[in-house]
Each structure stands twice: as structure tokens, then as C-alpha cells.
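Scroll down for the structure; my scribbles are underneath it.
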Amino acid sequence: MRIKRNTILTLAVAVVLVGLLYWLSFNQAKNGMLVSILQKSAIFALVAVSMNLLNGFTGLFSLGQAGFMSIGAYTTAILLIPVKNLDGVYYMNGVSPFIRAVKVYLATLPDWFQAIYPFIALLLGALLAAIVAALVGIAVLRLKSDYLAIATLGMSEIIRAICSSPQMDKITNGSYGLNKIPNFPPLLGGLIPAMLTPFIVVAICITFIMLLIRSSYGRAFKAIREDEIAAEAMGISLVKHKAMSFVISSFFAALAGGLLAMYMRSIEAKTFSISLTYDILLIVVIGGIGSVSGSVLSAFLVTASKEWWLRFFDQPLNILGWQVPLFRTGFRMIIFSVLLMVVVLVYRRGLMGSNEFSWDRLLGRFKRKKLSEGGVK
Amino acid sequence: MSLLEIHDLKVCYGGIVALNGISFGVNEHEIVTLIGANGAGKSTTLRAIMGLIPITSGTILYNGERLHGLDTQKIVEKGIVLVPEGRRVFPNLTTLENLKLGAYLQDKKTVEPNLKRVYELFPRLKERHWQQAGTLSGGEQQMLAVGRALMANPKLIMMDEPSLGLAPLVVKEIFSIIKKINEDGVTVLLIEQNANVALKTANHGYVLETGTISMTGTGRELLENEAIRVAYLGKTR
Ligand SMILES: Nc1ncnc2c1ncn2[C@@H]1O[C@H](COP(=O)(O)OP(=O)(O)OP(=O)(O)O)[C@@H](O)[C@H]1O
Ligand SMILES: [Mg+2]
């Protein structure tokens, strides 16, 4: 009975959301900003969930997310910039002949290949990041807590330095960055409009991570988080599971990085600085460390309030001809920081704690409210 | 030949010698206890058997095959499990999740029947299967730690001070369950401060003193030994 009710509710919400997104895709012109904010939120939701897998579920305090995102973003961008734009993009130093040759060859392949090529590019970026994570992981995963955080942060900065170094000019275009990156591709031969692609890719990835967390591997990750020695005594290999979590987390961070490159259309090394990792960590902490639904919810809330709801505070405000002094560009970030502190003070373990969203919990809360109101009467 | 044979085992932490060449054996289907004062090296012995710490020298044989140098995972697969000192349940996971983690390396098919058996031994765990392990009482946590170990289909179960910090009545309950487990065919290696109960339960006992074995005998012999009565059973001369 209750299970049936919950499935119906979930289905109903899913239908409404999909309908809303479809409606938006047909009225994109008028809702440009909303669409763009939702897309960005979805991409950040994926990075936040990938970070939560590592920090929240496996208990590895890693701050390397931005580095892996940049690997995904650069790989995707290099693979997707159209051949005709190569000279324009690499106008300073030219492009490596090998990359050009590969791209010229790929451009001759039939249409069905061109349709899936953007997704192949995303996957290749993610795989490259996974390989880097496996190699780096051998060295750094022996470290604990703060030391691991410093090491991964350092690694992320090294990746960024490499991307912007002059030696990489012909590949990453060094400090000039890459532009003319094509936008999201449509799915299923145009059946699903391009605008919806990031949502679908993100939904598939997050579902995969959810299933992983619910599997026995996920339980082993949590055991390691709770007590390494006890986990090891149960026969759970620490090295293997930590590496697995690190590699999978990096894979999805890089995939989100690739999506971000498509979203922004142009990237540079600076995009992936420490402050990006900080933004993601913020989303994870606000949502609740150890809650996938918390990370998703918080990604949408944080992005929307930063980019949209609080814009109002950046505009000059006139009340009866008197211009309120504080309302200037940048004021919204102050309001945002204050809001963050309030949220953290009220919800000490993030919006969701380490719980997942459930209808029973949500409806239970309403019921309790009603009861207490009744009690007052 | 014993199920578990330890020869001249030496373990050092950095420069400190914790075990200075101990030898003992555990026969199949027996309950064997290792008693000794704080810091004698009892927990170190169990950690070394589980492969959780490297050994300096000596041999550990299980069924005649060498155990030392193997990964803990391989050792658990052979049917040896540890109920660690201080219980070490996973506090933010539910009782049921804790139990399932005990069966991590086991065939999925064995989970249900083993769970049923653990719930028969500890009906309390069944009642509280949804509860976060960290919120269980000390006694319940100890039951969970033992139950979790039983989920791994052990042939040899090693328990590190299962009676630590428990009320006398709960201690009695735990020990009667240890006997039950043993009657089901599981060999038990038991470490205890509570020498009285341990020696009454055990077939064989060894006394460990600062890294060496100072005395051995059947449970009854040790229980009646004058030196032990003075040192471990709190009898005044
Ligand atoms: N990780 C470690 N590093 C250094 N020394 C250690 C370590 N673990 C244990 N020791 C030392 O090894 C010796 C034996 O310790 P062990 O834990 O085996 O004692 P125990 O017999 O289990 O004592 P208790 O009854 O108090 O649990 C002690 O002197 C202890 O200080
Ligand atoms: Mg001990």
C-alpha cells in the first residue's frame, strides 16, 4: 500500500519534471537563463555526487575534483572542436599535426558516427581521468584525512599547471584556453532535443552511482569509512576498495568536466582552479555528507541562488528616489555567504544529513506538523 | 596435528618487541584460551594471525599450510575470523548492514541461512536489525560483533576479550553462546582478562607474560594452579 503510494508519487514527480523540461525545450528562447542555470546545476550535481562517493561514503577526504574535471573538459574540447575552427582556436602556436590528422580522419566517417562522437569524446575524457586516478591513487591513497586532502589538492594544481604550460601549447593551447567547443548534441537522432542531453547524461550517471552505493561494494566503502581496521578484519581489501572509489569518482568528475566544456563553449586552465573544488565541496557539505539526494538538491539550490535568485541584490535599488547604498555588484555574494552560514547553523549536518530522500520522511514531517498544530488548538 | 600451529612467533612494533618467540597450538573443535596481563601481547598475537600486522620471524600454520605473509582477505577466505578487541562495529550502519558486511567474501546463498542462525543465537539482534549499531548497548554491540563474525562461515573464530565491560549476567550469556558455537563445530581461540570464566570454558589454556608463554595446561589444571590463582584470579595468599 505504502510502497505503491511511493512509486506513484515518484512517477508523478518524474513525469512532471520531464514535462517541464520538454516545455522548456520548446520555449527555450524566452527562458534562456532558466535553462542555462538548470543545466549548470545538473552538471554540478554530478560532480558533487562523485565527490560525495569519495568523501561521504568512502571517508576519503579528497580535494582533487577540479583536476579530474579539467582532464575531462580538455579531452572533450580537443576532440570536439570542428576541424574548420582549429586554426582560429590555436591561432598563436598552431595545433599538433597528429591531433589535426586524427580529427580530419574522424570527420570523414559516416553520420551515425558523428551522432555518437560527442559521447565517445566524453567517455574518453572520463577514461583518461580514471587512468590518471589509478596511477595517482597508488601513491596518495595510503595517506589519511588532511594529508590526503593536501596531496590531492596539490595533484589538481599540477594537472592545471600542465594544461596551461607552454610545452602543451599545441595540444591544450596553453594559457589561451580553448573555444569554439560545440554545444550539447541531441540524443537518439534528434528525438530528444540537445537542451535535454545534459540532464539525461547526468541522470544516468547518478543512477549508476546510486546503484553502486546500494551494492555490496557500497557497503564495503561505508565500512571503510566507519572503521578501517574492522573492515580489513572482515576481509575487505582497503587498497582495492579505496582505489576503486577514487577511480570511479574521478571518472564521473571528468565526465561532468566534459559536459561543462560543452556548456561553457570555451575553457581555460583557470576555470579549474582550487575555487572550483571549493564550490563543489560547498555543495556537498550543504547537501549533507553521505547523501546523494542531498548533493543533487543542494547543487540546484546553491547554483540557482548564486546565479539567479540573488541577482536582485546586485542591481541598484531605489526606494522613493533614495538609492540604497549596499545594492551594488558583488553584494549578492555577501548575502549568499550569510545564507550559507545560516543554513549550516540550522542544519548542522547539511540539508539531508546522511539520509536519502524518501516520501515517508517528507510526508511524515507534514503529518507531525499537523499534529502539533492540532495540539495547540 | 593441530588446526592452528604457531612456532617461535616474534612480532615487533618499530623497535619494541611485543612477542618474543611464542609457540602454541589450537586443536580442531576445541576452545583454547590465551590469558595474560595488560600489554602481554595477546591482541598482538591475534592481529598477527589475521595478517593485520607483519611478523618479524616464526611460522603460523593453518591445516599445515603457511598463513603468515598472506593477505587478510585470503585468511578470511580460509575460514578464520576475528572478533576484534573493543567490538569495533560499524557505528553508522544498521545492525543488518553490519551482519551483511561479515559475509562480504561469502557466497550470496549462505547469507540467508547464516542470518537465520545468528538471529536464533541472538534474538535481540533480530529485534534491532534496523537500529544504528552505534546506538546499541555495549552487550548488544558485543553480540553484533560475534554475529558479524559468524556470518563469515568460520572454522576458527578468534575473540579478543568478548567480556570486556559487560555486566556478569551478559558475560554468562556470551560465554554460553561461545560454547554453543563450539558445539556446532567451530574452533574457538579466546582471549580473556576474565581468567576464571575463560578457564572454566576452555579445553586448553596458555598464559602469556610479556611476550613469552609461561605456562600451559588444560583449563582445569590452570584453574587449580596456585601461581595462577594468585596472579589472575585475585586470590590472596
Ligand atoms: N601499534 C603499536 N605500536 C607500538 N606498540 C604497540 C602497538 N600495539 C601494541 N603495542 C605494544 O605491544 C605490547 C602488546 O600489546 P597488546 O595490545 O598485544 O597487549 P594485550 O595483551 O592485548 O593487552 P590488553 O589486555 O591490555 O589488551 C604492549 O606493550 C603495547 O604497548
Ligand atoms: Mg588486547
Report task. Rounded to the nearest 0.05, what FRET efficiency do A:Ile116 and A:Ala29 give with R0 = 41 Å and r taken as the Cβ-Cβ distance? Could you check? Result -> 0.90
Report task. Normalising by the residue count of chain A, find the relative contact order in percent from Cα pairs under 8 Å and 6+ residues apart. Result -> 28 percent
Report summary line: Once A:Ala139 and A:Ile200 are pulled to full extension, the length gained, defined as 0.36 nm per residue separation minus their Cα-Cα distance, is 18.5 nm
Query raised in the report: How far apart, in nm, are the 7 Å Cα→Cβ label points at A:Ser216 and A:Ser273?
Result: 4.7 nm
Report task. Provide, as a two-decimal number, the C-alpha radius of gyration of the stretch B:36-91 over 2.2 N^0.38 Å, N being how many residues it has. Result -> 1.20
**Report entry** Compactness relative to 2.2 N^0.38 Å, alpha carbon Rg of the stretch A:120-226
**Finding:** 1.41
**Report entry** Modelled FRET efficiency - R0 30 Å, A:Gln315 with A:Val18, Cβ distances, 0.05 increments
**Finding:** 0.30
Query - Sulfur and carbon atoms: percent of accessible area, the stretch B:2-232 [1.4 Å] - result: 49 percent
Requested in this report: For the protein assembly as shown, state what percent of all Cα-Cα pairs lands in each successive 20 Å bin, counting from 0 Å until the bin that includes the largest distance.
Outcome: 17, 40, 29, 14, 2
Report summary line: In order over the stretch B:41-46: 3J(HN,Hα) from phi, Karplus 6.51/-1.76/1.60, θ = phi - 60°, whole Hz, x for each Gly or Pro, gives x, 5, 4, 4, 4, 5
Report summary line: Taking protein heavy atoms only, a 1.4 Å probe, and rounding to whole percent, the accessible area of chain A owed to carbon and sulfur comes out at 70 percent
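Over all directions, what mean area does the Cα convex hull of the stretch B:2-232 project, stated in square nanometres?
12.1 nm²
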Requested in this report: Given the peptides A:209-216, A:150-157, B:22-29, arrange them by the average over their residues of other C-beta atoms within 10 Å, most packed first.
Outcome: A:150-157, B:22-29, A:209-216
Report task. For B:Leu34, enumerate residues with amide H under 5 Å from its amide H, sequence gap 5+ or separate chain, H modeled in the peptide plane. Result -> B:Leu190, B:Ile191, B:Glu192, B:Tyr206
Query raised in the report: Which far-off residues, 5 or more places away or on another chain, put their amide H under 5 Å from the one on A:Phe357, with H placed in the peptide plane?
Result: A:Ser293, A:Gly294
Requested in this report: Take every residue in peptide B:89-96, count the Cβ atoms of other chains within 10 Å of its Cβ, and give the average of those counts.
Outcome: 3
Requested in this report: For B:Glu209, list long-range residues whose amide hydrogen, built 1.01 Å from N in the peptide plane, is under 5 Å from its own amide hydrogen.
Outcome: B:Ser214
Query raised in the report: What ranking, highest mean first, results for peptides A:41-48, B:79-86, A:114-121 when packing means the other Cβ atoms within 10 Å averaged over each residue?
Result: A:41-48, B:79-86, A:114-121
Query raised in the report: Give me the log10 of I(q) over I(0) for the stretch A:176-220 at q = 0.14, 0.19, 0.34 Å⁻¹, as the Debye formula computes it from C-alpha points; what are the numbers?
Result: -0.54, -0.70, -1.07
Requested in this report: Rank these by accessible area, largest first, 1.4 Å probe: B:Glu120, A:Glu226.
Outcome: B:Glu120, A:Glu226
Report summary line: By the mean-Cβ-within-10 Å protection proxy, highest first, B:3-14, B:189-200 rank as B:189-200, B:3-14
**Report entry** 3J(HN,Hα) from dihedral phi, the stretch B:97-109, Karplus parametrisation 6.51/-1.76/1.60, rounded to Hz, x for glycine, proline
**Finding:** 4, 4, 5, 5, 5, x, 8, 4, 8, 8, 4, 4, 5
Query - FRET efficiency for B:Thr135 and B:Leu164, using Cβ-Cβ distance with R0 set to 25 Å, rounded to 0.05 - result: 0.85
**Report entry** ³J(HN,Hα), Karplus 6.51/-1.76/1.60, whole Hz, each residue of the stretch B:180-185, x for Gly, Pro
**Finding:** 4, 4, 5, 5, 6, x
Requested in this report: Restricting to the stretch B:2-232, compute how many DSSP beta bridges are antiparallel as a %, nearest 5.
Outcome: 55 percent
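The values are calculated or read from the model by the stated rules, or taken from the named source; none is laboratory data. Not measured: the values here are computed from a predicted model. Neighbour counts run over all protein chains shown; Cβ positions are idealised from the backbone, glycine included. Side chains are part of the model used for accessible areas, which takes the heavy atoms of the whole protein and leaves out ligands, DNA and RNA. Shrake-Rupley method; radii C 1.70, N 1.55, O 1.52, S 1.80 Å.
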